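Every number here is computed from the coordinates shown, using simple stated rules; none is lab data. Because the structure is a prediction, the values reported are computed rather than measured. When we count neighbours, we look across all protein chains shown, and the Cβ atoms used for this are built from the backbone with ideal geometry, even at glycine.
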Amino acid sequence: MRRACGSRIATWAGRRPGWRRAGVLAAVLALAAAWAIPAVAEDGHALWLRYQPLAEPARGSAAPVTALVAAAATPIQAVARQELLRGLGGLLGTAPPLADAVARPGALVVGTPESVPALARLRPALEGLGREGYLIRSLEIDGHPATAIVANQDIGALYGAFHYLRLLQTGAPVDALDLRSAPKLQLRVLNHWDNLDRHVERGYAGQSIWDWHRLPGWIEPRYTDYARANASIGINGTVLNNVNANALVLTPMYLEKVAALAEVFRPWGIRVYLSARFSAPVEIGGLATADPLDPAVRRWWRAKADQIYARIPDFGGFLVKANSEGQPGPQDYGRSHADGANMLAEALAPHEGVVMWRAFVYSDEEPDDRAKQAYTEFVPHDGEFADNVLVQVKNGAIDFQPREPFHPLFGAMPQTPLMMEFQITKEYLGFATHLVYLGPMWEEVLRADTHAEGEGSTVAKVIDGSLHGQRPTGIAGVANIGSDRNWSGSHFDQANWYAYGRLAWDPHASAREIAADWVRMTFSRDPAVVEPVVDMMMASHQAVVDYMTPLGLHHLMGRGHHYGPGPWVEGGPRADWTSVYFHRASRDGIGFDRTATGSDAVSQYAPPVARQFGDLERVPEDFLLWFHHVPWDYRTRSGRPLWDELVHRYDRGVAAVREMRATWDGLEGRIDPERHAQVAAFLAIQEQEAQWWRDASIAYFQTFAQRPLPDGHAPPPQPLEHYQALEFPHAPGDGR
Ligand code: GCW
């Protein structure tokens with residue numbers, strides 16, 4: 001069914017633009033009709049947009065929608081109306097009839113003051129909601145009680161429609177609504193680390209969903225499903241290709257393919273962006289240099305931008321990884337990051353495009369502490385970046401570790417828009433088989449206090465521009481999406497995609513509430529499911545930290561593929577790619593001294609934070625070994641010596657996974673068997689691997705600690721050499 005529908009939109013390449021638009025609209029409507037057919041198998045493909053019939057009593061609390069008043073004159077209006085028909089049809093049993101006016105009680109009226117004249121009187125209430133915000137209100141129209149979803153622009157109404165459907169899906173009351181919502185961040189973007197050969201770097205959900213070879217002739221129906229899922233959580237941009245970029249994506253042949261995707265995404269409010277390889281002028285442009293100050297190079301990029309915008313008028317801009325891990329960049333020519341970013345910004349500015357310039361940099365000359373390098377390289381350039389440049393900063397200073405203190409750049413560049421970069425794909429968190437809900441980890445970082453402007457200067461306020469007033473604002477999430485039927489490699493990894501979108505819309509939102517919504521939409525509204533599953537999700541992040549890298553340890557994974565424990569990793573091309581560089585274990589103790597007596601990375605934080613992190617007595621214990629080198633018999637806050645505390649935490653992590661399994665087993669019969677069985681099997685893998693992490697780490701660190709395990713803690717079943725000898729030549733997602 002889906003394939004047949006999809007084939008109708010497969011023929012648009014080569015048509016004239018007017019035809020193309022009409023073709024897209026028809027395709028969108030055809031696909032939308034196909035969605036009305038319920039999924040047969042519980043394979044997770046429907047994500048959180050399942051629209052299963054509401055069971056009593058939740059259904060009773062939902063005011064019946066007697067009619068839908070909504071225009072469909074533009075592509076965005078059409079998809080919004082279709083989504084409501086589909087959603088209401090699924091949830092309420094039958095889709096309401098379409099009407100032109102509110103002729104009886106119970107109508108749902110959706111649009112802008114222009115698209116639906118009955119909404120015009122709400123115009124004053126729309127002030128301050130911007131392009132993407134919306135109101136959802138219970139009110140009277142023409143003497144009849146009705147519900148209005150109203151926005152300044154079509155896209156706001158689409159977001160409002162999804163919000164209204166979410167209220168129904170989660171069983172929230174909808175009879176006395178007065179909701180106002182607008183995104184706190186402007187650019188809410190996914191970063192795909194997808195290569196043109198469909199390998200996904202750090203991807204654990206199959207191949208890339210972009211079928212480059214068959215684009216633009218074949219438009220997978222999945223592209224629309226993808227856009228729809230993203231729009232449902234407010235994501236409004238996507239970078240299609242890996243930051244370790246191939247310049248070919250900027251050639252006309254690929255730009256045709258990119259344009260075809262952009263056309264599918266447009267009705268859903270999603271713009272496409274590309275990762276730009278800095279050396280592209282040499283590699284595909286035939287120039288002798290990519291020096292950003294060279295006039296020919298600048299001309300080349302301007303012409304390239306013009307060429308892109310001729311095909312994709314709403315192209316978002318470029319994401320750039322420069323002078324990092326061997327990627328080319330302005331420093332190859334003795335120029336700064338600002339020189340490089342501003343050159344691209346100049347090419348994009350006439351088209352209102354932006355440059356997202358990554359701060360994940362470390363040079364070939366090893367610094368004294370890799371954690372310090374981004375700050376050292378970027379802070380001196382604060383104020384030098386063009387207006388359409390955002391500097392994109394990972395949440396922590398090393399690299400998406402299970403837990404990192406917030407990146408010291410947040411709050412330290414008051415004149416530069418800083419974007420947050422989160423990693424949704426779980427490169428360092430057990431790939432797709434470990435159940436780890438990332439909401440609490442992201443919330444912890446967003447709520448961290450930088451003290452940049454005194455107390456309360458949270459990271460969320462830095463990125464939403466409320467602290468220093470920067471514009472534009474944005475956030476990026478490294479996608480966990482692939483060709484797997486369930487999109488993310490596991491059912492629970494869908495929650496991380498979902499939570500990312502919700503936090504991108506509102507970085508002050510609650511991870512627990514987001515999890516509860518997701519569970520209700522994805523599995524069940526039954527409190528006997530929601531409560532235990534949400535508790536399990538909320539505890540899952542601390543669990544993985546405990547069984548992988550407790551007490552602030554970091555970067556201890558297997559070399560290259562990053563699968564499993566590798567605390568013994570040493571040697572190789574550079575010290576700061578090894579584990580021993582980061583844990584610094586020896587007979588006298590363990591941990592990286594980042595205080596004034598060590599690398600002094602603490603001094604990159606605002607003084608109150610630096611004082612706290614630098615003080616052994618006050619540092620949060622979760623970051624103890626991140627900032628301090630501590631003797632094995634150091635007394636931790638539990639009263640246990642450090643070695644005993646480490647062992648205790650490893651075991652606590654494994655026990656937490658065991659508990660997750662018991663919780664999940666207890667839900668058998670309340671969750672459909674297909675999804676229940678896969679989650680149960682993955683939890684069994686997770687328990688084995690948690691035990692493996694614990695055993696291997698204890699076996700290794702014990703060679704330094706030279707102490708017995710505390711009472712009640714079993715020794716690792718195998719000698720250290722066993723764990724060290726394990727090899728995984730075909731582990732997924734490696735960097736190439
Ligand atoms: O986490 C590391 C990954 C690389 C990645 C790099 C980056 C895309 O191991 O695979 O490269 O970060 O963020 O650039």
Pairwise centroid distance, computed over Cα atoms, of the stretch 396-471 with the stretch 473-529, Å: 18 Å
Net dipole in debye of the chain [+1 Lys, Arg Cβ; -1 Asp, Glu Cβ; about Cα centre; nearest 20]: 2320 debye
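Which percent, nearest 5, of DSSP beta bridges in the stretch 299-454 are antiparallel?
Numbers: 0 of 14 bridges.
So the antiparallel bridges amount to about 0 percent of the total.
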Cut-off 9 Å between beta-carbons: net charge of the residues surrounding VAL243, Lys and Arg +1, Asp and Glu -1: +1
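With viscosity set to 1.306 mPa s and temperature to 10 °C, compute the Stokes-Einstein D of the chain, Rh being the Kirkwood radius across alpha carbon pairs; µm²/s, no decimals. Could you put the intermediate results ahead of the total?
On the way: Rh = 26.9 Å.
Value of D from the Cα-based Kirkwood radius: 59 µm²/s.
Counting Lys and Arg as +1 and Asp and Glu as -1, what is the net charge of the other residues whose Cβ lies under 11 Å from the Cβ of ASN486?
Numbers: positive: ARG485, ARG675; negative: GLU42, ASP43, ASP484, ASP493, GLU674.
With Lys, Arg at +1 and Asp, Glu at -1, the net is -3.
For a quick check of your reading of the filter: which trypsin sites (Lys or Arg not before Pro) in the stretch 458-506 sit in a DSSP loop and have no more than 16 other Cβ atoms within 10 Å?
ARG485
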Beta bridge orientation in the chain: antiparallel %, DSSP, nearest 5: 30 percent
Difference of contour (0.36 nm per residue) and Cα-Cα distance, GLU513 to ARG574: 17.7 nm
Cβ-based exposure ranking for TYR309, TYR273, in which fewest neighbours within 10 Å come first: TYR309, TYR273
Degrees between helix 673-705 axis and first principal axis of the chain (Cα, 0 to 90, nearest 10): 20 degrees
The stretch 123-220 - convex hull of alpha carbons, volume per residue in Å³: 174 Å³
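Within the stretch 435-532, report the GluC sites (Glu not before Pro) that DSSP leaves as loop and that have at most 14 other Cβ atoms within 10 Å.
Working: sites: GLU443, GLU444, GLU453, GLU455, GLU513; in loops: GLU453, GLU455.
Here the GluC sites (Glu not before Pro) that fit, given the DSSP loop and packing criteria, are GLU453, GLU455.
Looking at this model, which pairs from LYS184/LYS304; LYS184/LYS257; LYS184/LYS394; LYS257/LYS461 are more than 28 angstrom apart at the alpha-carbon? Intermediate values should be presented prior to the final figure.
Details: LYS184/LYS304 32 Å; LYS184/LYS257 32 Å; LYS184/LYS394 19 Å; LYS257/LYS461 38 Å.
As for pairs spanning more than 28 Å Cα to Cα, those are LYS184/LYS304; LYS184/LYS257; LYS257/LYS461.
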Value of [θ]222 nm, deg cm²/dmol, for the chain, DSSP H segments ≥ 4, -39500 (n - 2.57) each, nearest 500: -11500 deg cm²/dmol
Helix 252-265 axis, angle to the chain major axis (alpha carbon atoms, nearest 10°): 70 degrees
Fewest-first sequence of LEU54, LEU409 by Cβ atoms within 10 Å of each Cβ: LEU54, LEU409
C-alpha long axis of helix 221-232 to longest principal axis of the chain, angle in °: 80 degrees
C-alpha center-to-center spacing [the stretch 88-107, the stretch 228-266] in angstrom: 36 Å
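If you average 1/r across every pair of different Cα atoms in the stretch 51-181 and take the reciprocal, what Kirkwood value do you get, in Å? Each step should come with its number before you reach the end.
Values: mean 1/r = 0.0700 Å⁻¹.
Kirkwood radius, the stretch 51-181: 14.3 Å.
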